[in-house]
Amino acid sequence: MNDYMEQLKTQVPAGAWDYLPAECAAKRKVEDEIRDSFLKNGYSEIETPSFEYYEVFMHDSVPYVQENMMKFFDQKGRILALRPDLTGPIARAAATKLLIRQDVLRLCYIQNAFGFFNRGIAGKTEFTQAGVELIGKQGADADAEVIALAIGTLRKIGLEGFKIELGQVAYFKGLIEGSGLDEEQTERIRALVDAKNNVELEYELSRLNMEGPKKQALLELGSLFGGREALVKAEMLAKSEECRRAVENIREVFDILCGFGYEEYLSIDFGILNNFNYYSGIIFRGISDGIGTPILSGGRYDELLSEFGTDAPATGFAMGIKELLVVLGRQ
């Protein structure tokens with residue numbers, strides 16, 4: 001046991017990193033460039049505590065598994081949790097302290113988050129996120145604003161060969177509506193669509209006795225990606241008003257971003273369905289040839305702030321600093 005304890009003295013916990021001088025300098029440089037981009041685009045920096053009351057993260061629409069959070073107790077026995085991301089704490093601060101003063105908030109952050117996660121860099125437990133939250137503004141203009149900021153920021157730090165994939169969770173919700181599936185069955189189908197596993201998806205839909213146009217549309221959902229042609233195909237498959245509105249929403253955002261000259265950085269993918277319960281509309285993620293996991297993710301989450309007593313629409317994104325450093329290093 002003593003030998004084992006002696007070994008632990010010389011190591012860092014799994015999923016944490018030492019940033020040695022050269023790496024730390026590169027990290028600070030990227031963070032400074034990102035912060036400069038956010039501030040120059042009218043976003044004000046905010047900082048929240050590293051830990052919150054566990055209740056901040058207990059609502060149904062969380063984008064993470066609560067068992068993955070790092071939890072402990074305060075002196076009164078109340079459960080505290082190290083923040084697994086920044087959006088929840090910022091939503092709490094905005095709803096309880098900032099929205100009473102102004103209707104629209106543009107907030108940004110560069111802070112660490114914590115948890116036992118397998119996504120992104122494998123096995124990370126402490127990681128730095130940089131992101132923005134645009135709170136109090138609806139519509140395609142707001143969604144396009146944060147996506148344009150993401151693209152501009154990636155370009156500013158020197159990233160090359162990346163794409164922003166645009167999806168819309170309401171399209172899947174419209175397809176699945178009226179199917180009679182319960183929450184567990186819907187989640188199973190969502191996961192298979194998101195993984196583009198059509199073999200298992202077809203088996204699952206047959207097992208659930210789903211046939212006809214609805215089954216065909218769900219099977220084709222994973223292939224609805226590309227440029228404008230994906231919008232045309234999605235429109236042909238749309239059988240409900242919710243689906244049609246979702247297609248039109250992506251088209252509006254896509255057109256605005258193309259107007260900014262960003263078409264080369266964009267692709268459309270209706271099969272993006274991660275964090276299905278958390279997001280309410282546009283969803284997007286950044287991918288790069290230099291790494292096998294997303295370098296950023298974001299979308300519209302209009303229900304979250306009501307958990308803290310204030311109804312307000314919101315959209316935003318977070319980018320992983322470690323992921324960006326890996327890609328920049330490989331460039």
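The values are calculated or read from the model by the stated rules, or taken from the named source; none is laboratory data. Predicted, not measured: the structure shown is a model, and the values here were computed from it. Because the Cβ atoms are built from the backbone with ideal geometry, glycine has one as well, and the counts that use them run over all protein chains shown. For accessibility, only protein heavy atoms count, side chains too; no ligands or nucleic acids. Shrake-Rupley method; radii C 1.70, N 1.55, O 1.52, S 1.80 Å.
Here's the yes/no breakdown for (1) free of Cβ contacts under 8 Å to residues at least 40 places away in the same chain; (2) surrounded by 10 or more Cβ atoms within 10 Å (Cβ to Cβ); (3) assigned to a strand (DSSP E or B):
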residue	(1), (2), (3)
Met5	yes, no, no
Val12	yes, yes, no
Gly15	no, yes, no
Tyr19	yes, yes, no
Ala25	yes, yes, no
Glu31	no, yes, no
Phe38	no, yes, no
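Residue check: is Ala130 closer than 14 Å to Asn41 by Cβ and open to solvent by less than 50 Å² (accessible area, probe 1.4 Å)?
So Ala130 fits the description; yes.
In the set Ala234, Ala191, Ala230, which member is open to solvent by 30 Å² or more (accessible area, probe 1.4 Å) and within 24 Å of the chain's Cα centre (by Cα)?
Matching residue, one of Ala234, Ala191, Ala230: Ala191.
Of all residues in segment 313-322, which are open to solvent by less than 10 Å² (accessible area, probe 1.4 Å) and either assigned to a helix (DSSP H, G or I) or not β-branched (Val, Ile, Thr) (or both)?
The answer is Ala314, Gly316, Phe317, Met319, Ile321.
Got a sec? Which of Ile282, Ile256, Ile268, Ile295 is closer than 21 Å to Asn198 by Cβ, among the aliphatic types (A, V, I, L, M) and in contact (Cβ under 8 Å) with a residue 40 or more places away in the chain?
Ile268
Looking only at segment 44-58, filter to residues that are touching a helix residue (DSSP H, G or I) at 6+ places or on another chain (Cβ under 9 Å) and part of a loop (DSSP other than H, G, I, E, B); which one of those is farthest from Leu305 (Cα to Cα)?
Of everything passing the filter in segment 44-58, Pro49 is farthest from Leu305 (Cα to Cα).
How many residues does segment 259-309 contain that are more than 14 Å from the chain's Cα centre (by Cα) and open to solvent by 30 Å² or more (accessible area, probe 1.4 Å)?
Summing the residues that are more than 14 Å from the chain's Cα centre (by Cα) and open to solvent by 30 Å² or more (accessible area, probe 1.4 Å) in segment 259-309 gives 14.
Output the number of the condition that Lys173 fails; it satisfies all remaining conditions of (1) closer than 14 Å to Ser297 by Cβ; (2) touching a residue at least 40 places away in the same chain (Cβ under 8 Å); (3) not in a loop (DSSP other than H, G, I, E, B).
Just one mismatch for Lys173, condition (1).
Go through (1) in a helix (DSSP H, G or I); (2) at pLDDT 90 or above and name the single condition Ser267 misses.
The one condition Ser267 does not meet is (1).
Scan segment 150-161 and report the pairs whose first residue is at negative phi and whose second residue is open to solvent by 60 Å² or more (accessible area, probe 1.4 Å), with Cβ atoms within less than 8 Å and a gap of 6+ or a chain change.
Cβ pairs passing all conditions: Gly152/Asn41; Leu159/Gln331; Glu160/Gln331.
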